[in-house]
Amino acid sequence: MSANEGEIDTLIKYLHYLANGKVRIAAQNFLNIRRSKKLSYLQREFEAEKRISMLLLGNVTWKREVLLKLAISYPDLLAPLFVLQNPKSKH
């Protein structure tokens with residue numbers, strides 16, 4: 001089972017927000033990404049609005065190839081989605 005194009009586009013948009021600082025990431029996760037030598041790739045591929053527009057309009061095979069190059073860093077890249085901002089709050 002693999003992700004459909006809508007799910008892939010959502011991940012691309014999330015990585016764009018992350019690369020632009022709109023999603024905050026813990027210092028340790030940032031260091032892990034940097035150590036894995038994926039930080040420059042993340043910035044190059046996902047920071048520029050024009051690049052994201054081209055990627056979103058591209059075919060799904062190209063999108064998967066771009067995303068696959070970050071595979072080793074996904075635990076750190078996706079960590080902000082699973083960390084409670086305020087663990088003391090009771091919702």
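Residue check: is R64 in a helix (DSSP H, G or I) and among the basic types (K, R)?
In short, yes.
Kindly evaluate Q43 against the criterion of being more than 12 Å from the chain's Cα centre (by Cα) and over 17 Å from I8 (Cα atoms).
When the stated conditions are applied, Q43 does not pass them.
So is S40 part of a helix (DSSP H, G or I), of a type outside the set (A, V, I, L, M, F, W, C) and either out of contact with any strand residue (DSSP E or B) (no Cβ under 9 Å at 6 or more places or on another chain) or surrounded by 14 or more Cβ atoms within 10 Å (Cβ to Cβ) (or both) or not?
yes
So which residues in the stretch 1-25 are of a type in the set (A, V, I, L, M, F, W, C) and either exposed (fewer than 12 other Cβ atoms within 10 Å of the Cβ) or farther than 15 Å from Y74 by Cβ (or both), if there are any at all?
Quick first cut of the stretch 1-25, residues of a type in the set (A, V, I, L, M, F, W, C) only: 1, 3, 8, 11-12, 15, 18-19, 23, 25.
The answer is M1, and nothing else.
Values in this text are rule-based calculations from the coordinates and carry no lab data. As the structure is a prediction and not an experimental result, all values here were calculated from the model. In this analysis, Cβ positions are derived from the backbone assuming ideal geometry, glycine residues included, and neighbour counts consider all displayed protein chains.
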